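Scroll down for the structure; my scribbles are underneath it.
The values are calculated or read from the model by the stated rules, or taken from the named source; none is laboratory data. Note that this is a predicted model, so its numbers are computed, not measured. Counting neighbours? That spans all protein chains shown, and the Cβs are built from the backbone with ideal geometry, glycine included. For the accessible areas, the whole protein counts, side chains as well, though only heavy atoms, and no ligand, DNA or RNA atoms are used. Shrake-Rupley method; radii C 1.70, N 1.55, O 1.52, S 1.80 Å.
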Amino acid sequence: MAKLQYERPLIQKLNTGTMNKFGTRTEYRPHTEIDGAKVEALMKEFGSPLFVISEKTIRDKFNDANRAFKTRYPKVQFAWSYKTNYIAAVCNVYHQLGSWSEVVSGFEYNKALKSGVPGNKIIFNGPDKTVEELKLAIENSSLIHIDHLDELYTIIELTNEIKKRPKVAIRVNMDTGIYPMWDRFGFNYENGQAWDAINKIVLTDKMDLVGLHCHIGTFMLAPSAYGVAAAKLSELALAIRKKYGKTIQYLDMGGGFASKNTLKGSFLPGTDTTPPIDDYAEAITTSILNAGFLEEELPTLYLETGRALIDEAGYLLGTVISNKRLSDGRKATIMDFGVNILFTAFWYDHKITPAQEFSHYTENSVMYGPLCMNIDVVRENVTLPPMKKGDHVVVHTVGAYNMTQWMQFISLRPAVVMVDLQGKAHLIRKRETLSNIDASEEMPGYLKEFKL
Amino acid sequence: MLTLSRLRRDQKIETMKIKKNIAISDSGFIFNPSTGDSFSVNPIGLEIIKLLKDEKPAAEIKKHILNLYAIDEATVEKDFYDFLKMLEANKLSAETEKAN
Ligand SMILES: Cc1ncc(COP(=O)(O)O)c(C=O)c1O
């Protein structure tokens, strides 16, 4: 007689009357495929843990965002925010879709150039641009978004040796009714700093002020804040037109739209609370259209949307290492991935589902990573079927920031694959090896030998 | 190395019994009339509770599971005792002192 499939014995207390904060989700429904690629097969071929990117989701999300803005406003240009996920294959999907590049460092800038993005389609943000990087950006006619006065003076100096007029915008920070206000980057709108920078740029007459930029925050759940920001940038653009007769060619609204993740501490899942992209589009475009621009002088709307476009396209596959019972009776599940590669576990309660069929019985568990540290908590409380050593899970909505902010701490970083529109998986970043790490280390001669 | 108290505790769990008055339904619902608490258990958990109620010894229950399911002994050992501890924590075990 064939033996029955084993499942760990489980007992769960039923709480009648109170809504179970964790039990109402359908998280434990198994997720066995990503766009037609079998999760088990992916892990067998590429190992565990493994990041998987759905090309289809990238394209669908982008097309949806593009539609939301283009049906409301005549001139829209997306620029892919490299820091969100700068694996070259990922960037190229966005470039194929028509996105320019938005970069915040020389490293990202050169990555975009290497991928073949024309210099004049790179937006260069960030407070730390070196003289060499600024020179390169001026030569390439990139859009330099000036963050502070020191940078402005450096550019003015550079125009003495480079016979090209830099194309610049200033980054503006402002009060949009959101707390805390991001006033660390760029020039403040309310206290006149922005005007100070604008006056210097126009009056020195060494560069072309082509745009105005803002990035009011990240994971912004209030589309109305974008309405306020777009109105203020429009007002500034119109005032520049009036004062100096110069037309501002674009308004860049930065990034920050929320993805469908669930912020820690929120009662409802992100799928219920995240505003649709249409709400952000409506707030922004209404503000600009109502600001009073002449039709032929309407600025192009630039968007540097990051997480809202890529988060849902990313999955992390992992394996159960062990189960434990904590001293207070809670179940603990230890996974082969932790906050070293899933940095966003600090911000979100990521949705986690099993990768294989189970019965419908579930239990609450705390999910830990494999690092020898207390902070290595993937989920404080997750409802899953009884998982045993070797079972697999799928962590959802991990496409943004993890594949750039991951740490090579204790273990090596995993491989990344992209599932194409036909369901075929392509390796787009190899699993790290010891020699990758060794390659950048040097050993002083006198330390080469030792005897134990 | 097992300490004496740990050894005693393990012996206690080895002879653990389930409360006589708890109600067990075939669909996996457990009701404890003395506390008013109800629980859901999965089929294998239900089977173990029924065997405990019939006062089957731990060794026999473990053997039964091994025969019935595709699983190794170490896992059964670990999961079985974990389950007993959960019964105890949920106040479903009978006072072992009296049973001894
Ligand atoms: C200047 C700038 N643009 C765009 C982004 C992308 O933001 P998000 O991923 O929240 O859309 C960021 C992120 O910090 C940023 O600093």
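Some points to look at:
- Relative pair counts by distance (%), Cα atoms of segment B:9-92, 10 Å bins: 17, 54, 27, 3
- Solvent-accessible area of segment A:56-311 (1.4 angstrom probe, protein heavy atoms only): carbon and sulfur portion equals 52 percent.
- Cubic angstrom per residue, convex hull over Cα atoms of segment A:56-311: 124
- Our compactness index for the protein assembly as shown, the C-alpha radius of gyration over the empirical 2.2 N^0.38 Å, is 1.22.
- Residues of type aspartates and glutamates that A:Lys121 reaches as a straight line, Cα spacing below 18 Å, ignoring anything fewer than 8 places off in the same chain: A:Glu102, A:Glu108, A:Glu133, A:Glu139, A:Asp208, A:Asp252, A:Glu304
- Sorted on the mean count of surrounding Cβ atoms within 10 Å across their residues, most packed first, peptides B:80-89, B:32-41 read B:80-89, B:32-41.
- Taking amide H as placed 1.01 Å from N in the peptide plane, the amide H of A:Asn173 sits under 5 Å from that of A:Phe187, A:Asn188, A:Tyr189, each at least 5 places away or on another chain.
- Residue-level accessible surface for A:Ser359, protein heavy atoms, 1.4 Å, Å²: 40
- Column: log10 I(q)/I(0), Debye, Cα scatterers of segment A:1-150, q = 0.11 Å⁻¹: -0.68
- Under 18 Å of direct C-alpha separation, and excluding same-chain neighbours fewer than eight residues apart, A:Lys56 reaches these lysines: A:Lys38, A:Lys260, A:Lys424.
- Calculated FRET value between A:Phe346 and B:Lys85, using beta carbons and R₀ = 35 Å, to 0.05: 0.65
- q = 0.11, 0.19, 0.25, 0.26 Å⁻¹, segment A:197-281: log10 I(q)/I(0) [Debye, one scatterer per Cα]: -0.43, -0.84, -1.19, -1.24
- Largest first, the three principal axis extents of the alpha carbons in segment A:138-258 are 45, 27, 23 Å in whole numbers.
- The HN-Hα couplings worked out from phi for segment A:237-247 by the Karplus form 6.51 cos²θ - 1.76 cosθ + 1.60 (θ = phi - 60°) are 4, 5, 5, 5, 4, 6, 6, 10, x, 9, 8 Hz, whole numbers, x standing for Gly and Pro.
- Treating each Cα of segment A:339-445 as one equal point scatterer and applying the Debye formula with no solvent, the log10 of I(q)/I(0) at q = 0.13 Å⁻¹ comes out as -0.63.
- Computed on segment A:390-452, with alpha-carbon pairs under 8 angstrom and 6+ residues apart, the relative contact order is 20 percent.
- Annotation: amide H of A:Val76 within the under-5 Å range of A:Leu301, sequence separation 5 or more or interchain, hydrogens built in the peptide plane.
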